[in-house]
Structures are given as structure tokens and as C-alpha cells.
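First comes the structure, then the notes that go with it.
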Amino acid sequence: RVALLAALLPLCCRAASERIRYAIPEELGRGSLVGPLARDLGLSPAELPARKLRIVSGDEKQYFTLGEDNTNLRVNGRIDRERICGALSPCVLSLEAVVENPFNIFHVSVTIQDINDNAPHFDREFVAIEIIESTPSGARFPLGNGRDPDTGVNSLQNYQLTPNPFFSLVVRESPDGTKQPELVLEKSLDREKQRNHHLILTAVDGGDPVQSGTTQITINVTDANDNPPVFNKDIYKVRLLENLPESSLAFQVKATDGDEGTNAEITYSFSDIANNARHLFTLDSRTGDVKVTGPLDYEEGKYYEATVEGKDGGGLSAHVKVHIDILDVNDNAPTLSLLPILNPLPEDTVPSTVVAVINVRDRDSGDNGKVSCNIDGDLPFRLEPSSENTYRLIIDRALDREKDSAYNITITARDRGSPSLWSRASLVLEVSDVNDNAPVFEEAAYSAYVAENNAAGAPVVRVRARDADAGANGRVSYWLAGGSAGAAPYVSVEARSGAVYAQRSFDYEQCREFAVAVRAQDGGAPARSSTATVRVFVLDRNDNAPRVLWPAAGEGAAAAALPAAFEVVPRSAEAGYLVAKVVAVDADAGRNAWLSYELVQASEPALFRVGPHSGEVRTARAVSERDAAKQRVVAVVKDHGQPALSATATLQVVLAESLQEALPELSERAAGGESAAELQFYLVLALALLSALFLLSVALAVLARLRRA
């Protein structure tokens, strides 16, 4: 059982490297079935679209193709076995079947079977042979070989000669298997009785039906010449390089004759030579020199055979075989055919993925036909041999579209000849983008300075992030992603441009700075994002006037009549006496909050002065008896903004030695203030009554006019 299993397992599980073999007869029409390739590869119809079955042939002509159903291997055009393979047997055409997902290569060979489509034929339709009448019985005369391009049983099998009492036919088989007919003299000839004999030689193949070809042989009987020519070699074996120039001497045949005179003069000629060799070589009839007259090509013909006849002047002849071997030289550069599998390549394609198949052919043989391939330059790809003539182009390391979006891959094929020949083929592979890069802000943190009292919707700052990816993967959008407490209502961000706008007017006195986080996100799937911090600093404007804390202004109607503040200054006060200090503050900052003080009004301007920075009200000179008891001092407080804002402080000063002495002055002022207030009230009331009477008079006049109308 174990032995049986070991024998059956290789038959059931065919490896990818095993050849799939078909055999078809030649001359099939286009579209003829070769074999069920998909089924033989183990591919079901359901998986065919995903596996992407294709065939690759290194031949210049594509002899086979896949049918419309993409399952069967079919003939692409007429196949002539004799034109493709000549006498070579068996005639095998090779190709590769490529499948993907997973990637694999299968080697397919198709044997072209011969059919009997060629009849035997002779190079010459008429053959003339001269035989001296003294030739003894049993002498043999080689006849021209018949030719049949078919092989096997369909090739030339035998010769037949028309019956004749003087001649018979003998077929001799040479070491290479070719059959050579020879004419045998059965009894002596008598020129005086019969000068000519006419025979028909027929070449017959073994096909079904049998085909044949004929040549007519005329035998001329001549007078006696007792010494035939003799060649110095039994067989001439010649080896010629295929790049031998035309008109070069290829070889020389030489024969001698023991006779004298004209009977010893030998002329040379080809008695039997193939048509394809006839235009390549010429034979000098006098010297026996054979020269090259056409281009020798090892790939077109590797071997030629000819028979040279040497004939003396008396009509005797000798024949010698010439075997010509053509030696290969490295005159054919390799050829490459490229089949891309993946193009474009996603940049996240894993290494060891097959992206293309390269087929290499070199028509030379031996080392001249052995080819190696390599990739020019330092690229993230490598070549791996798949079979004798096939390479796979494989990703060697990770790709990055942001560094290289395309690769121009040049593959060089070089043979092992001397000197070596090479050829190149290029393949451009595009790299498609995947979302492997997050947006990157130009700055990790942005700072913006905005003056307060700005308009809502005013631009604050523009953030910008760049994404190295392409298309939607590199399209960046922005939004707010948090920030300091309470900062969200202050700004907004435009999704496409990254512009940050103020949502409201800023007030330096309420908020001097805040920070928000802006997130940039690309359009990939899944999306990638990054965050930057925007810190906004509010700049102060001079929008707050100084506020006087002391002396405090009065409130209500009664307070309007009383002094806002008063100070008692003794009449004995000297210059520099501190009367009071004006205290003021400014809600702004910086220069906008720097305050200066100035005296703008006083009952006795020369009596008081105000410190410009301290706000202290002091006597400018000593108080005298001539100074009025009641003094009014008005000071202005200014900031240093542009434009400057100000406030005034009013200070009532009573010149008295004590508070009791100053009270009468204050009472009189209060009374005077009440009288003035009452007078003002009555004036306003009288004005209101007069206005009412005027309006009533106008209304009555209008009604009377209307009534009259």
C-alpha cells in the first residue's frame, strides 16, 4: 500500500515545474483545438477570471492562442512543420502559461506531428550519365538523391527503376539514415549497338496514400578510357564558420587520373547538391576550389551535403561525398519580451510579489545561446529565473510612492559568447498611492496677535498642513479639536483653507490670551490626522478712559449742589503744602494705562499745582490773607493712548485754620445751591406751560380753518 501511494501521488499532484504536453498534426486551421489548458492546469471555470490565465511564447510568431472562453488552447495560424523544424524530429513548440492569485508559471510543450503533405522530388528533372563501353559489369553509378521534407514513415522510403536488361537499381543506406540510389551495370555495353539508354527513377514515400516523384535518366555510352579519376579523400569533411565572408575559399577537392592527355584532364562539378546549398557554394570546374557565394547562417542551416563529380577527358568519372558543418558564432543578440502582471503597483505591495514575466531567447547555440539577465541600477526589484528562458521580476524591498512614483526598469540580457552580445528592454512601472502619510503642519504651534474690539469674522491666522500622499489621500481638511477653557466660542476654522476667523469681538480687559487645537485630516480610508496648537494673544486698545476714584463725584440732585470733595487748608500753609491727592485708575494696559495729571482750572491758578505723575495737589506758594476763603480746583487725568482719553476731578478747598471755621462757608454754599436749584426748577416749569399754550393755540386755529372749509 505504501509503495502504491508513493507511485500515485506524483500523478495526482503535478508540480508547477512539470510540463503539460500536447500533440497535434500540422496544417490545422486557425482556431483548431490543441487541448483543454485550463482544465489540465486544475482551474475551474469559477476561478478563471481571478486567476487571469495567459500564455507567453518567446517565438517571434505566436502559433497558439487562448480561445474566447479563455479555457482551451487553440491554433492561432497555419503551422507548417517542415518550415518550422525542417528535418528535426520531434518538432516541439514551447510556451509558458501564467496564472495569478497566486502567481505561477506552467510550461507547455506542443509536439507538431508530421502529415504526408509533401511528395518526394529530385533536384534535377533530367540526369545525363556517360558510361564508357568498356566498363565492366557490376560497376555502380550514384544517382541524385530524392528529397522529401516529411519525416518518419511519411519521408522517402524507397526508389524504383524502370526495367532494363542492362541496368538495375541498388539502394544503399548511409550512416545518417538517408537512402542513396545507385545504378548497377548488369552486362557490358556496346556503343556500336546502342548509344543511349533512357530510364525513369521513381522516389516513393511511406505515407497513406503513397506519394512519389520521378527524374529521367539518360545514359550515353562512350568509347573506352581505362583510368578513371581518383579523389585524394574518400569523404571530405569541412567545418565552416557562419560569418565566413562571401567569395572566401571554403575548401578544395582534388582528384588525379593515371591517363595522359585529354583523358587526364579532370573537370569538377556538383553531381548532387541540395537547393538550399546550391546558392551558397560554387565549384571551380578546373581547380576544384569551392567558394562561398551566399551568407552562411548557422540558425538557418547547420549542415549541408553534396556530391562532387570528377570527370576526365575520356568520360570516366569519380564521385566523392562532401559533408559541410556550419559552426556557430555569436552573431545573434538575445531578445526579450516583457509581460507586466501588476501595473500600477500599490505602494504597500509586499516584497516577493511577482510584477512581470520576462522571456529571453537567443538563436545561437552552446555558450553563445546561454543568456543571463540583470537589472540596471539600484532599484527595489530583483530577477529570479523561473525556467531556462523565463525570469520573474519580483519586488525586493518596500516601495514608497512619495520618494519614487514610477520606476523605469531597464533589463539587460547578455549571452556568454566571445565577444558577448547583449540587448536591453525597458518597462515602466507606476506606483499607486496608499494613505501612509499623516498631514504635517508647517509649524507645531502658531501664535496670532489680534487687537481688541476687532470685527466678528475678521481673519486671525492661517494654518497649513501638507500631506505627501496624492489624490484624496493628500487632500487636507481642518477643524477645531479643543483648546483652553472657554476658547471655543471665540474662533472658527475654515475646513478647506485652514483660515482661523474670530467669531466675536475680543476684549482685552476680559480675556488677554487663549489657545485652541486645530486638527488636520486627510481624505484617505482610514483617514490620518495631526494636531497643531494656535495661541491667540489679544492686544490692548485705548478704549477705557481713566476713572477717578478720589475725589469721588456726588450722586443725585442734592449731591450736585454740594461740593464733590473739600479740603481745609490752613492760611498758614507754606508753599508745597499737600492739599490732597487725586487717585485714578485705567482699565487698559501698557501706555494706554499710563496716567498723567494736570491742573486745568483753579480760583487762584498761582496758588495750587498738581504733580504730573503722582496726582498730588500742593500749594504753589504760601497762602496769604488776600486769598479768597473758598477755592475751586479742577484737575484733568490723561492716559498715553492714541488718541488719549481723560477724566476730570473737582476739589473744593476752604482756607481756614480749623474745620469749625470752615463750616459757615460750606453752609452758605449749600444754601446758595438750594436757591439756585429752586430757581432752575421754576424756570423749567414756566417754559413747559408756555409750550403747552402755544400748541393748544395752533390746534384750535387748524380746527377752525377745517370747520370753515
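Working carefully through the options Ala50, Ala23, find the one that is farther than 23 Å from Ile358 by Cα and exposed (fewer than 14 other Cβ atoms within 10 Å of the Cβ). Talk me through it step by step, then tell me what you get.
Details: Ala50 fails: farther than 23 Å from Ile358 by Cα.
Only one candidate qualifies: Ala23.
Checking the condition more than 30 Å from Ala520 (Cα to Cα) and either surrounded by fewer than 18 Cβ atoms within 10 Å (Cβ to Cβ) or not aliphatic (A, V, I, L, M) (or both), which residue from Ser405, Ser386, Ser432 passes? Full working, then the answer.
Details: Ser405 fails: more than 30 Å from Ala520 (Cα to Cα); Ser432 fails: more than 30 Å from Ala520 (Cα to Cα).
From the options Ser405, Ser386, Ser432, the qualifying one is Ser386.
Kindly indicate the residue of the range 144-174 that is without any contact (Cβ under 8 Å) to a residue 24 or more places away in the chain and open to solvent by less than 50 Å² (accessible area, probe 1.4 Å) and also farthest from Phe126 (Cα to Cα) among those meeting that condition. Please lay out each step first, then the result.
We begin by selecting, within the range 144-174, every residue without any contact (Cβ under 8 Å) to a residue 24 or more places away in the chain; these are 163, 165, 168, 171-174.
Subset that is open to solvent by less than 50 Å² (accessible area, probe 1.4 Å): 168, 174.
Values: Ser168: 18, Ser174: 24 Å.
Result: Ser174.
Looking at the structure I just gave you, is Ala635 at pLDDT 90 or above and either touching a His at 6+ places or on another chain (Cβ under 9 Å) or outside the structural domain of Ala575 (by the TED database) (or both)?
Details: at pLDDT 90 or above: yes; either touching a His at 6+ places or on another chain (Cβ under 9 Å) or outside the structural domain of Ala575 (by the TED database) (or both): no.
Spelling it out, it is not the case that Ala635 is at pLDDT 90 or above and either touching a His at 6+ places or on another chain (Cβ under 9 Å) or outside the structural domain of Ala575 (by the TED database) (or both).
Does the range 305-313 contain any residue that is closer than 30 Å to Asn374 by Cβ, outside any strand (DSSP E or B) and in contact (Cβ under 8 Å) with a residue 60 or more places away in the chain?
Step one: of the range 305-313, the residues closer than 30 Å to Asn374 by Cβ are none.
Scanning the range 305-313 turns up no residue that is closer than 30 Å to Asn374 by Cβ, outside any strand (DSSP E or B) and in contact (Cβ under 8 Å) with a residue 60 or more places away in the chain.
If I ask for residues that are assigned to a loop (DSSP other than H, G, I, E, B), over 60 Å from the mean Cα position of the chain (by Cα) and of a type outside the set (D, E, K, R), which ones from the range 207-234 would you list? Walk me through how you get there before you give the answer.
Pass one, the range 207-234, residues assigned to a loop (DSSP other than H, G, I, E, B): 207-211, 223-229, 232-234.
In the following step, the residues that additionally are over 60 Å from the mean Cα position of the chain (by Cα) were identified as 209-211, 223-229, 232-234.
Pro209, Val210, Gln211, Ala224, Asn225, Asn227, Pro228, Pro229, Asn232, listed by residue number.
Hey, can you tell me all the residues within the range 581-597 that are buried (at least 18 other Cβ atoms within 10 Å of the Cβ) and touching a helix residue (DSSP H, G or I) at 6+ places or on another chain (Cβ under 8 Å)?
Passing the criteria: only Asp586.
Can you tell me which residue among Ala306, Ala318 is farther than 30 Å from Arg416 by Cβ and touching a Gly at 6+ places or on another chain (Cβ under 7 Å)? Reasoning before the result, please.
Working: Ala306 fails: touching a Gly at 6+ places or on another chain (Cβ under 7 Å).
When all the criteria are applied, what remains is Ala318.
Mind listing whichever residues of the range 277-293 are assigned to a strand (DSSP E or B) and over 60 Å from the mean Cα position of the chain (by Cα)?
Kept after step one, since they are assigned to a strand (DSSP E or B), are these residues of the range 277-293: 281-283, 289-292.
Leu283, Asp289 - these are the residues of the range 277-293 that are assigned to a strand (DSSP E or B) and over 60 Å from the mean Cα position of the chain (by Cα).
Looking only at the range 617-627, which residues are at pLDDT 90 or above and either open to solvent by 50 Å² or more (accessible area, probe 1.4 Å) or not assigned by the TED database to the domain that holds Ser646 (or both)?
Arg618, Arg621
I'd like to check something: does the range 523-532 contain any residue that is touching a strand residue (DSSP E or B) at 6+ places or on another chain (Cβ under 9 Å) and under 12 Å from Val460 (Cβ atoms)?
Residues of the range 523-532 touching a strand residue (DSSP E or B) at 6+ places or on another chain (Cβ under 9 Å): 523, 527-532.
Filter once more, so that each one left must be under 12 Å from Val460 (Cβ atoms): none.
No; the residues of the range 523-532 include none that is touching a strand residue (DSSP E or B) at 6+ places or on another chain (Cβ under 9 Å) and under 12 Å from Val460 (Cβ atoms).
Kindly evaluate Arg512 against the criterion of being closer than 30 Å to Asp639 by Cβ and outside the structural domain of Ala593 (by the TED database). Outline the logic, then answer.
Details: closer than 30 Å to Asp639 by Cβ: yes; outside the structural domain of Ala593 (by the TED database): yes.
Yes.
Taking Leu296 as meeting all but one of (1) in a loop (DSSP other than H, G, I, E, B); (2) open to solvent by 30 Å² or more (accessible area, probe 1.4 Å); (3) more than 25 Å from Val127 (Cβ to Cβ), write down the number of the exception.
The single condition Leu296 does not satisfy is (2).
Need pairs with beta-carbon distance below 9 Å; first residue without any contact (Cβ under 8 Å) to a residue 60 or more places away in the chain and within the range 239-251, second surrounded by 12 or more Cβ atoms within 10 Å (Cβ to Cβ) and of a type in the set (Gly, Ala, Ser); sequence gap 6+ or separate chains.
From the range 239-251, the pairs are Leu244/Ala250; Glu246/Gly294.
Within the range 428-465, track down each residue that is in contact with a helix residue (DSSP H, G or I) (Cβ under 8 Å, 6 or more places away or on another chain) and either under 29 Å from Ser505 (Cβ atoms) or in a strand (DSSP E or B) (or both).
Scanning the range 428-465 gives no hits.
Kindly check whether there is at least one residue in the range 389-408 that is without any contact (Cβ under 8 Å) to a residue 12 or more places away in the chain and either out of contact with any Phe, Trp or Tyr (no Cβ under 6 Å at 6 or more places or on another chain) or outside any strand (DSSP E or B) (or both). So that I can check it myself, show each step before the final result.
To start, the set of residues in the range 389-408 that are without any contact (Cβ under 8 Å) to a residue 12 or more places away in the chain comprises 403.
Subset that is either out of contact with any Phe, Trp or Tyr (no Cβ under 6 Å at 6 or more places or on another chain) or outside any strand (DSSP E or B) (or both): 403.
Yes, there is a match, as at least one residue in the range 389-408 is without any contact (Cβ under 8 Å) to a residue 12 or more places away in the chain and either out of contact with any Phe, Trp or Tyr (no Cβ under 6 Å at 6 or more places or on another chain) or outside any strand (DSSP E or B) (or both).
Hey, can you tell me all the residues within the range 176-206 that are of a type in the set (A, V, I, L, M, F, W, C) and not in a loop (DSSP other than H, G, I, E, B)?
As a first pass, look at the range 176-206 and keep what is of a type in the set (A, V, I, L, M, F, W, C): 183-185, 189, 199-201, 203-204.
Scanning the range 176-206 gives Leu183, Val184, Leu185, Leu199, Ile200, Leu201, Ala203, Val204.
Here are some conditions: (1) modelled with pLDDT of 90 or more; (2) out of contact with any Asp or Glu (no Cβ under 9 Å at 6 or more places or on another chain). Lys193 meets all but one. Which one does it not meet?
Here Lys193 clears every test but (1).
Which one is most open to solvent (accessible area, probe 1.4 Å), of the residues in the range 359-375 that are part of a strand (DSSP E or B) and in contact (Cβ under 8 Å) with a residue 60 or more places away in the chain? Let's see the steps before the verdict.
Keep residues of the range 359-375 that are part of a strand (DSSP E or B), which gives 359-361, 371-375.
Subsequent filtering for residues that are in contact (Cβ under 8 Å) with a residue 60 or more places away in the chain retains 359-361.
Details: Asn359: 2, Val360: 5, Arg361: 50 Å².
Ranking the qualifying residues of the range 359-375, first place goes to Arg361.
Out of (1) out of contact with any Ser or Thr (no Cβ under 6 Å at 6 or more places or on another chain); (2) in contact (Cβ under 8 Å) with a residue 40 or more places away in the chain, what's the single condition that is false for Pro181?
Unmet for Pro181, out of (1) out of contact with any Ser or Thr (no Cβ under 6 Å at 6 or more places or on another chain); (2) in contact (Cβ under 8 Å) with a residue 40 or more places away in the chain: (2).
What is the residue count in the range 122-132 for residues that are over 16 Å from Val184 (Cα atoms) and either surrounded by 19 or more Cβ atoms within 10 Å (Cβ to Cβ) or hydrophobic (A, V, I, L, M, F, W, C) (or both)?
Within the range 122-132, the subset over 16 Å from Val184 (Cα atoms) is 122-126.
After this cut, where a residue has to be either surrounded by 19 or more Cβ atoms within 10 Å (Cβ to Cβ) or hydrophobic (A, V, I, L, M, F, W, C) (or both) as well, the list is 122, 126.
Here the count works out to 2.
Touching a strand residue (DSSP E or B) at 6+ places or on another chain (Cβ under 6 Å), modelled with pLDDT of 90 or more and under 16 Å from Glu27 (Cβ atoms) - does that describe any residue in the range 95-108?
Checked against the condition, which is being touching a strand residue (DSSP E or B) at 6+ places or on another chain (Cβ under 6 Å), modelled with pLDDT of 90 or more and under 16 Å from Glu27 (Cβ atoms), the range 95-108 yields no hits at all.
I'm told Asp378 meets every condition in (1) surrounded by fewer than 18 Cβ atoms within 10 Å (Cβ to Cβ); (2) touching a residue at least 12 places away in the same chain (Cβ under 8 Å) except one. Can you identify the failing condition by its number?
Single failed check for Asp378: (2).
Here is a yes/no grid of residues against (1) closer than 30 Å to Arg83 by Cβ; (2) open to solvent by 30 Å² or more (accessible area, probe 1.4 Å); (3) in contact (Cβ under 8 Å) with a residue 40 or more places away in the chain:
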site	(1), (2), (3)
Pro142	yes, yes, yes
Glu186	no, yes, yes
Leu189	no, no, yes
Ala203	yes, no, yes
Val210	yes, yes, no
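Just one of the numbered conditions (1) open to solvent by 40 Å² or more (accessible area, probe 1.4 Å); (2) not assigned by the TED database to the domain that holds Ser492 is not true of Gly457; which one?
(2)
Report the residue count in the range 110-121 for those that are of a type in the set (A, V, I, L, M), in a loop (DSSP other than H, G, I, E, B) and either crowded, with 19+ Cβ neighbours inside 10 Å or within 55 Å of the chain's Cα centre (by Cα) (or both).
Kept after step one, since they are of a type in the set (A, V, I, L, M), are these residues of the range 110-121: 110, 112, 115, 119.
Next cut, in a loop (DSSP other than H, G, I, E, B) only: 115, 119.
Filter again for either crowded, with 19+ Cβ neighbours inside 10 Å or within 55 Å of the chain's Cα centre (by Cα) (or both), leaving 115.
Count: 1.
The values are calculated or read from the model by the stated rules, or taken from the named source; none is laboratory data. Owing to the predicted nature of the structure, the values given are computational and were not obtained by experimental measurement. Counting neighbours? That spans all protein chains shown, and the Cβs are built from the backbone with ideal geometry, glycine included. Just so you know, the surface numbers come from the protein's heavy atoms only, side chains and all, with ligands and any DNA or RNA stripped out. Shrake-Rupley method; radii C 1.70, N 1.55, O 1.52, S 1.80 Å.
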